[in-house]
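Peer 1: First the structure, then my questions, so here it is.
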Amino acid sequence: MSFVNVIAKRGISTTAICYGKRNFKKFPLYGKRGSRIFKQQQHENPDPELPDNKRGVREIGYKVGDKFVTIPEMVPELIVPDLTGFKLKPYVSYRAPDVVQSEFTAEDLFNVVYAPKIMKDLKEGKLNEDGSSKEPSNEEKLTPEKALIRARQTGSDIF
Amino acid sequence: MRLTQILLSRVGEWSKQYANLPDRYIKRAMEQVYWRNPKGIQYRPSTVIQRKKFRFTMNRPWSHQFYEQNAPGRLRKKVFVEPIKKWSFFRGDRVEVLVGKDKGKQGIVKYIVQERNWVIVEGLNCHLRRMKRGDESLDLYIQSEAPLLVTDQVALVDPSDLKATPIEWRYTESGESVRVSVRTGRIIPIPATAEETIDYKSKSTYKEQPKDTGANEVAEITFEPALKTFEMDIMESMGIKEDRIPKKTYWY
């Protein structure tokens, strides 16, 4: 019988890492970075985990399989006003005094739009018990839902 | 306090005044960033390795010569500068030199280096620099002024008797802070050329250029508050009518 010396050994597997997940989070590969093959692969089959190369610009349609469908409403239209007779210029003269204006708050807007009408109604006694007017103006008839629709009709989606 | 603010606060207010450059340009031209942490949630935010110790000289911090003197790797011994609470020397001030071979002479302040407490007086405290251009046998000598320390080597001149005085900042009856000569009590006014920059001699005499908006147009108030968003206002002014109602969207 041969006595086998049992020496405790530990093995290191170098193939386990090769089969594992590549962590490239420390090296963001976007846009023009990466090898030619990598960029080709990104173009055909973009990896969803890596950031795209749109740089914030939105697509003007959607993809149906391989074909791209353009939606005309999604094409941004730049509306630039007519600048004839416009007095403001790119630079400001050094002679101009330092203009300090306080912030224009919602309270100031209320004071301009609603306050005069309320004062007038109060003096003429046309206010109801809860404070609303007996002859509401267009602004006073406005509900939050209608106001939201009006704001959304412009096409902006920030509301 | 952020390092960028520290950088800017190191540059003296009166050193920057004549050049009339925006602060962000000075900061950008001066900073030497060696490493900036990348953007990403895994990195510590706003971690920068940059040069913090600069050797301030006669060259302005945004110039190339300043960069050469403060090149990456160039370590200079620290220059100890007496901190002055309120800077009292302006361009165009009449001062008397108290040390050196021009001791007792009076001159006008031409250049200020606030970071080193330096002031250059026109034509005084000069020395000759030899400039040899290439292989020329004729030596070219240039006379250049040496800077003078504001604390010890220079004193403001009292306009009443034209002699050097120590000064103090005091308040007038109207609440204005002025320099007052300690010996006589006479107010030493701040010279008109203190306001001068490379762009104008004074703000009121600035010649308006074609691309400048006039002072009146800037101060005009044309805003009329109305119950509309910015986009609604534009649509009304351009005559765009929209009847479609957009479908409801949800934010998650």
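What follows is calculated from the coordinates using simple rules that are stated; it is not laboratory data. Remember, predicted model here, so these are calculated numbers, not experimental data. Backbone-built Cβ (ideal geometry, glycine too); neighbour counts: all protein chains shown.
Peer 1: How far is the Cα center of the range A:60-76 from the Cα center of the range A:82-159, in Å?
Peer 2: So the separation of the two Cα centres works out to 38 Å.
Peer 1: Taking the highest mean first, how do the peptides B:49-59, A:102-112 order by number of other beta carbon atoms within 10 angstrom per residue? Don't skip to the answer; put the middle values down first.
Peer 2: On the way: B:49-59: 15.1, A:102-112: 10.3.
So the order, starting with the most tightly packed, is B:49-59, A:102-112.
Peer 1: Are there any GluC sites (Glu not before Pro) in the range A:10-94 that are in a DSSP loop and have at most 16 other Cβ atoms within 10 Å? List them by number.
Peer 2: Those satisfying the criteria are A:GLU49, A:GLU59, A:GLU77.
Peer 1: Could you run the Karplus curve 6.51 cos²θ - 1.76 cosθ + 1.60 with θ = phi - 60° over the range A:114-126 and give me ³J(HN,Hα) per residue in whole Hz, x for Gly and Pro?
Peer 2: Each residue's phi maps through the Karplus curve to give 9, 4, x, 5, 5, 4, 4, 5, 4, 5, 8, x, 9 Hz.
Peer 1: Taking the Cα centre of chain A as the origin, how large is its charge dipole in debye, to the nearest 20, when only Lys and Arg (+1) and Asp and Glu (-1) carry charge on their Cβ atoms? Can you show the working numbers first?
Peer 2: Details: 27 positive and 22 negative charges, 312 e Å.
Using only the charged Cβ atoms, the result is roughly 1500 debye.
Peer 1: While we're looking at this one, here's another question. Please report the relative contact order for chain A, taking Cα pairs under 8 Å with a sequence separation of at least 6, and give it as a percent rounded to a whole number. Walk me through the numbers on the way to the answer.
Peer 2: On the way: 41 pairs, mean separation 12.6, N = 159.
In percent, rounded to a whole number, it is 8.
Peer 1: What FRET efficiency, computed as 1/(1 + (r/R0)^6) with R0 = 25 Å and r the Cβ-Cβ distance, is obtained for A:LEU142 and A:THR105, rounded to the nearest 0.05? Write down the numbers at each step before the final one.
Peer 2: Numbers: r = 19 Å, r/R0 = 0.78.
Computed FRET efficiency for A:LEU142 and A:THR105 comes out at 0.80.
Peer 1: For peptide B:228-236, what's the mean number of Cβ atoms from other chains within 10 Å of each residue's Cβ?
Peer 2: Details: counts 3, 8, 2, 9, 5, 1, 3, 4, 0.
Across B:228-236, the average partner-chain Cβ count within 10 Å equals 4.
Peer 1: Rounded to whole Hz and in sequence order, give me ³J(HN,Hα) for the range A:141-149 from the Karplus expression 6.51 cos²θ - 1.76 cosθ + 1.60, θ = phi - 60°, writing x for Gly and Pro.
Peer 2: Computed from phi, the couplings for the range A:141-149 are 7, 5, 9, x, 5, 5, 5, 5, 4 Hz.
Peer 1: If you place +1 on the Cβ of every Lys and Arg and -1 on the Cβ of every Asp and Glu, how big does the dipole about the Cα centre of the protein assembly as shown come out, in debye to the nearest 20? Don't skip to the answer; put the middle values down first.
Peer 2: On the way: 72 positive and 55 negative charges, 637 e Å.
Dipole of the protein assembly as shown, to the nearest 20 debye: 3060 debye.
Peer 1: Sticking with this structure for a sec: Of A:PRO97, A:PRO46, A:PRO72, which is the most mobile in a GNM of chain A whose springs link Cα atoms less than 10 angstrom apart?
Peer 2: A:PRO97
Peer 1: Still on this structure, please answer the following. Using R₀ = 25 Å, calculate the FRET efficiency as 1/(1 + (r/R₀)^6) where r is the Cβ-Cβ separation of A:VAL69 and B:ILE234; round to 0.05. Write down the numbers at each step before the final one.
Peer 2: On the way: r = 29 Å, r/R0 = 1.16.
Rounded to the nearest 0.05, the efficiency is 0.30.
Peer 1: Would you mind calculating the relative contact order of chain B from Cα pairs under 8 angstrom and at least 6 residues apart, reporting the percent as a whole number?
Peer 2: On the way: 313 pairs, mean separation 33.2, N = 252.
Relative contact order, chain B: 13 percent.
Peer 1: What percentage of all Cα-Cα pairs in the protein assembly as shown are separated by more than 41 Å?
Peer 2: Values: 45612 of 84255 pairs.
I get 54 percent for the Cα pairs in the protein assembly as shown exceeding 41 Å.
Peer 1: Can you give the mean number of other chain Cβ atoms that lie within 10 Å of the Cβ atoms in peptide B:22-33?
Peer 2: Working: counts 0, 0, 0, 0, 0, 0, 0, 0, 0, 0, 0, 0.
Shielding by partners across B:22-33 averages 0.
Peer 1: Across the range A:107-151, how many lysine pairs, 8 or more positions apart or on different chains, have C-alpha atoms separated by under 16 Å? Please give the number.
Peer 2: On the way: A:LYS117/A:LYS126; A:LYS117/A:LYS134; A:LYS117/A:LYS141; A:LYS120/A:LYS134; A:LYS123/A:LYS134; A:LYS126/A:LYS134; A:LYS126/A:LYS141.
For the range A:107-151, the number of qualifying lysine pairs is 7.
Peer 1: Principal axis extents for the range B:202-252, Cα atoms only, whole Å, descending order, please.
Peer 2: Its Cα atoms span 59, 32, 21 Å along the three principal axes.
Peer 1: Okay, next question. Of B:MET58, B:VAL79, B:GLY100, whose Cα points farthest to the positive end of the dipole of chain B (charges on the beta-carbon: +1 Lys, Arg; -1 Asp, Glu; origin at the Cα centre)?
Peer 2: Towards the positive end, the residue furthest out is B:VAL79.
Peer 1: Continuing with the same structure: Please give, to one decimal in nm, the separation of the simple spin-label points placed at A:TYR62 and A:ILE37, each 7 Å out from Cα toward the Cβ.
Peer 2: 3.6 nm
Peer 1: Per-residue ellipticity at 222 nm for chain A, helices alone: DSSP H runs ≥ 4 residues times -39500 (n - 2.57), over residue total, nearest 500 deg cm²/dmol? The partial results should precede the final answer.
Peer 2: Details: 6 runs with 46 residues, N = 159.
Theoretical 222 nm ellipticity from helices: -7500 deg cm²/dmol.
Peer 1: So, one more: Please list the non-local residues whose amide H lies under 5 Å from the amide H of B:LYS105, H modeled 1.01 Å from N, same-chain partners needing a gap of 5 or more.
Peer 2: Sorted by chain and number, the residues that satisfy this are B:VAL97.
Peer 1: Here's another thing I want to ask about it. Restricting to the protein assembly as shown, what percent of DSSP beta bridges are antiparallel, rounded to 5?
Peer 2: On the way: 36 of 38 bridges.
Among the beta bridges of the protein assembly as shown, antiparallel pairing accounts for roughly 95 percent.
Peer 1: Could you give the size of the charge dipole of the range B:77-175 about its Cα centre, using +1 on the Cβ of each K and R and -1 on the Cβ of each D and E, expressed in debye and rounded to the nearest 20? Can you show the working numbers first?
Peer 2: Details: 17 positive and 15 negative charges, 69 e Å.
About 340 debye.
Peer 1: Report, in deg cm²/dmol and to the nearest 500, the calculated mean residue ellipticity at 222 nm for chain B, where each DSSP H run with n ≥ 4 adds -39500 (n - 2.57) and the sum is divided by the residue count. Mind showing how you got there, number by number?
Peer 2: On the way: 6 runs with 40 residues, N = 252.
Result for chain B, helices only: -4000 deg cm²/dmol.
Peer 1: If you plug each phi of the range B:217-228 into the Karplus form 6.51 cos²θ - 1.76 cosθ + 1.60 with θ = phi - 60°, what whole-Hz ³J(HN,Hα) values come out, in order, with x for Gly and Pro?
Peer 2: Per residue, the Karplus-derived 3J(HN,Hα) values read 5, 5, 7, 5, 9, 10, 7, 10, x, 8, 8, 9 Hz.
Peer 1: Which loop-located trypsin sites (Lys or Arg not before Pro) does the range B:155-185 contain, where loop means any DSSP state but H, G, I, E or B and the Cβ has at most 14 other Cβ atoms within 10 Å? Each step should come with its number before you reach the end.
Peer 2: Numbers: sites: B:LYS163, B:ARG170, B:ARG179, B:ARG183; in loops: B:ARG183.
Passing sites in the range B:155-185 are B:ARG183.
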